[in-house]
Amino acid sequence: MTVGVKVIKKGDITPLEEAYVPEVARGLKLTISRFFQNTVGKPENSAIDTVKYPEEKRQYPERFRGIHRLTHRADHSPRCVACLCCSTACPAQCIYIEAAEYEPDDPRYGYERFPKVFIIDELRCIFCGYCVEACPCDAIRMDTGMHMPPSTERGHFIYDKETLMSFPGADGSYRNANPRSEPGEDAFPGIDRERGH
Ligand code: SF4
Ligand code: SF4
């Protein structure tokens, strides 16, 4: 039995085309024209969909999770009561808190604690927002509208309590719209020394 061989004839291409010279030239022409269009041409004609950060910034969506902040009370003390809910909920284990008692002459003494140390390692953070959801006091938020400034120093990404309290929300406020009644105020829902247990 003989096996038939089908011969496929090559198309008619010139040696120049076979060397890809015209195609290389066409590709280079396109690359060079796009280069000048995107670098020295009018910005509106640019085909590059990037911004010149940090001189230019995009408008972030309203629910964008930015770097954390610790919210303030009216007296500028931290709203945080060092309950550790956020650090417990954090899947990246990047929140470290040391709790402390208020001074004995403070009405909060014996009823609330405050964070003597509050550190977030923003490089380990995965920006899941669980810490914000877990907080019973609305004391930690990610509504700063900022992302971390770039740095080559590892230590620049370890944010301590003072740093976290130095950031305002995107609305410029260090507090939040969620009211908080303090011990001694009529609207205070919990217990205090005057009302007793
Ligand atoms: S956003 Fe997520 S990973 Fe980051 S500190 Fe909060 S809980 Fe941890
Ligand atoms: S930020 Fe909120 S959840 Fe975290 S320790 Fe303070 S009060 Fe608790």
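Values quoted throughout were computed directly from the atomic coordinates according to the rules given, and no laboratory measurement underlies them. The model shown is predicted, which means the values in this text are computed figures rather than measured ones. So basically every Cβ, Gly included, is an ideal-geometry build from the backbone, and we count neighbours across all protein chains shown.
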**Message:** Taking the beta-carbon count within 10 Å as an exposure proxy, list 28, 70 from fewest neighbours to most.
**Reply:** 28, 70
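Quick one: dipole size for the stretch 69-165, taken about the Cα centre, charges +1 on Lys/Arg Cβ and -1 on Asp/Glu Cβ, in debye to the nearest 20. Mind dumping the intermediate values first?
Working: 10 positive and 15 negative charges, 52 e Å.
That gives a dipole near 240 debye.
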**Under 27 Å from residue 52, Cα to Cα: lysines that are on another chain or at least 8 residues apart** = 29, 42
**Asked** Which angle between 0 and 90 degrees, to the nearest 10, do you get for helix 21-39 versus the longest principal axis of the chain when only C-alpha atoms count?
**Response** 30
**Message:** Which one, 188, 3, 142, is farthest towards the positive end of the dipole of the chain when Lys and Arg carry +1 and Asp and Glu -1 on their Cβ?
**Reply:** 3
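Grab the beta carbon distance between residue 45 and residue 19, set R0 = 35 Å, and tell me the FRET efficiency rounded to 0.05.
On the way: r = 34 Å, r/R0 = 0.97.
My answer for the efficiency is 0.55.
In the stretch 1-49, which trypsin sites (Lys or Arg not before Pro) fall in coil by DSSP and have 13 or fewer other Cβ atoms within 10 Å?
Details: sites: 6, 9, 10, 26, 29, 34; in loops: 6, 9, 10.
Passing both the DSSP loop test and the Cβ count: 6, 9, 10.
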**Message:** Just to confirm my numbers, what's the Cα centroid distance between the stretch 18-63 and the stretch 73-119 in Å?
**Reply:** 50
**Asked** Rounded to two decimals, what ratio of Rg to Rh does the stretch 17-74 give with C-alpha atoms and a Kirkwood Rh?
**Response** 1.37
**Asked** What is the calculated FRET efficiency for residue 146 to residue 28, with r their C-beta to C-beta distance and R₀ = 30 Å, to the nearest 0.05?
**Response** 0.10
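Among the chymotrypsin sites (Phe, Trp or Tyr not before Pro) within the stretch 1-82, which fall in a DSSP loop and have no more than 11 other Cβ atoms within 10 Å of their own Cβ?
Details: sites: 20, 35, 36, 64; in loops: 20, 64.
Within the stretch 1-82, the qualifying chymotrypsin sites (Phe, Trp or Tyr not before Pro) (loop, at most 11 other Cβ atoms within 10 Å) are 20.
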**Asked** Given R₀ = 30 Å, FRET efficiency for residue 123-residue 170 by Cβ-Cβ distance, to 0.05?
**Response** 0.85
**Request:** Check cross-link reach from residue 161 to the lysines: straight Cα distance under 21 Å, and skip same-chain residues fewer than eight apart.
**Result:** 116
**Asked** Hey, what number do you get for the chain at 222 nm if only DSSP H runs of n ≥ 4 count, each worth -39500 (n - 2.57), divided across all residues, to the nearest 500?
**Response** -5000 deg cm²/dmol
**Message:** So the label point goes 7 Å from the Cα of residue 178 along Cα→C-beta, right? Which residues of the stretch 108-135 then have their backbone N under 13 Å from it?
**Reply:** 130-135
